[in-house]
Amino acid sequence: MNEVSPSFEKAAWQRLKKNKAAMAGLILIVIAIFISVFGYWIAPDASPFANRMILETGGRKPGFQQKFLLFKRDRNVAEKSFFSRLLNGQEDAYEYIPVRNVAFHMDTVIYEKYIDEEVYETERRSFINSIYIPLTDTGVQSLQQQFKAHNIIIKKFYLGTDKYGRDMLSRLIIGTRVSLSVGLITVIISLTVGILLGALAGYFRGVTDEVIMWLINIIWSIPTLLLVFAVTLLLGKGFWQVFIAVGLTMWVNVARLVRGQVLAARQLQYVEAARALGFSDVRIIAYHILPNILGPILVIAASNFASAIVIEAGLSFLGIGVQPPQPSWGLMIKENYNFIITQNPMLALAPGFAIMLLVMAFNLLGNGLRDALNVRGRI
């Protein structure tokens, strides 16, 4: 058995650390993973899918600030556990009303409701039932002070708001989870199918190789985006369908690479020795050949990860990927691209920059892995 020695792994890691571009890509990926995991605790809008719509404040530029009144909703909203909120966010227990001025008269709050920059509407509403902290004093003055302290807030939208008044920064943060999830599931599917078929074709050759190569050539001849369209139309639109559609169209590169690596490795002495010892073909492939060709596989996995992010964004932009209200960077570009030539181009440019940075990070890491593992010298 010819395993990669710990000294080789250590040397590869040392070479990778010296590659500043690869380390920058790795740092960006780690940051993106942290954001995707703890997104609902980081995002200013922690509602499910960051879908808090405030139509009066739609289409605002980065840095926009607005005063809000918080009124308790008519129905009770249960407080979710830490892990439940980590996965799905926390539904808003309060109604957000944009206002300009606020005044009080006994147990009533009088406010000018923000409609747009020139139009306001005066309304009255009791605030007693909207105070969400334990009341220790029933005096009206005390109630007013508590209401001012806890039910009047000023929110700043650092990346502005989309046409529905949703916080762009929050949707950008939650959208990171979609891009990384698509990339991860795609890589798992493509590696599973590609390694299996590529190893079988390269090791057994003959009829097995001809059949698998025929299938690879057929899939290879179909444009990737067109094939994704076909799979998506077959499976339907949705979050999980995108994973499967993209994953089932990206295994071809992996299969071709693995086939070539296995064809070269099966002639080496350690494989001949394993056959002489009577090891089964499955054991030789799984425990002897595959561990020695992990370098090229890791490089193509990083490349596939980046490609999957771009394909998912393209599908969402075309409307057959992730469906609203779930945030996806491609969907965010679709919803806001008309603002590029109007007053607020950042609504579409922000998710575009996010896609560019994440794809660049995986490409930089892939190039660094190629050099660190000395893939060219090992192929």
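Coordinate-derived values only; no laboratory data. Computed from a predicted structure; not experimentally measured. Here the Cβ is made from the backbone with ideal geometry for all residues, glycine too, and neighbour counts use every protein chain on show.
Note on GLN141 and ARG73: with the Förster distance fixed at 25 Å, the Cβ-Cβ geometry gives a FRET efficiency of about 0.40. A dipole drawn for segment 252-379 from +1 and -1 charges on Cβ atoms has a positive end, and of TYR287, PHE339, LEU257 the residue lying farthest that way is TYR287. Scanning the chain for DSSP H helices at least 20 Å long along the axis (C-alpha atoms) with a Kyte-Doolittle mean no lower than -1.0 picks out 20-37, 168-204, 206-221, 251-265, 294-318, 346-372.
Relative to a virtual label point 7 Å from the Cα of ASP209 in the Cα→beta-carbon direction, which members of segment 265-288 show backbone nitrogen distances below 12 Å? Flagged as within label range: 265-267.
Need the list of aspartates and glutamates near LYS61 for cross-linking: C-alpha distance under 12 angstrom, and skip anything on the same chain fewer than eight residues off. Excluding near neighbours in sequence, the set is ASP162, ASP167.
Across the chain, where is the longest run that never hits GluC sites (Glu not before Pro) in a DSSP loop with at most 14 other C-beta atoms within 10 Å? Here the longest segment lacking exposed loop sites spans 119-379. Taking a ≥ b ≥ c as the square roots of the Cα gyration tensor eigenvalues, segment 54-166 comes out oblate, since a/c reaches at least 1.5 and a/b does not exceed b/c. Taking other Cβ atoms within 10 Å as a rough exposure proxy, HIS150, HIS105, HIS288 sort from fewest to most as HIS105, HIS150, HIS288. With a Förster radius of 56 Å applied to the beta-carbon distance between GLN14 and ARG124, the computed FRET efficiency rounds to 0.20. Note on the chain: with a GNM built from Cα contacts shorter than 10 Å, the maximum mean-square fluctuation among SER179, SER316, SER81 falls on SER81. Remark: for residue pairs LYS113/LYS237; LYS80/LYS334; LYS163/LYS237, the C-alpha separation exceeds 27 Å in LYS113/LYS237; LYS80/LYS334. Taking 7 Å steps out from each Cα toward its Cβ at ILE188 and LEU268 produces label points 2.9 nm apart. Just want to confirm a number: the relative contact order over the chain, from Cα pairs under 8 angstrom separated by 6+ residues, in percent. Normalised by residue count, the contact order of the chain is 23 percent. The helix-based estimate of mean residue ellipticity at 222 nm for the chain, built from -39,500 (n - 2.57) per DSSP H run of four or more residues and divided by its residue count, is -18500 deg cm²/dmol to the nearest 500. If you take mean projected area of the Cα convex hull in nm² from the coordinates, which of (i) 24.9; (ii) 19.6; (iii) 23.4 do you get? Label (i) holds the value from this structure. Listed by Cβ neighbour count within 10 Å, with the fewest neighbours leading, MET250, MET213 appear as MET213, MET250.
Relative to the Cα centre, the charge distribution of segment 54-166, modelled as +1 at Lys and Arg Cβ and -1 at Asp and Glu Cβ, gives a dipole magnitude of about 360 debye. Hey, with R₀ at 56 Å, roughly what FRET efficiency would ALA230 and VAL102 work out to, going by the Cβ-Cβ distance, to 0.05? About 0.50, to the nearest 0.05. With 0.36 nm allotted per residue and the present C-alpha distance subtracted, the LYS237-MET356 stretch has 40.4 nm of extension available.
First check a/c for segment 299-379, with a ≥ b ≥ c the square roots of the eigenvalues of its C-alpha gyration tensor; if it is under 1.5, answer rounded, and if not, answer prolate when a/b is larger than b/c or oblate otherwise. Verdict is prolate for segment 299-379.
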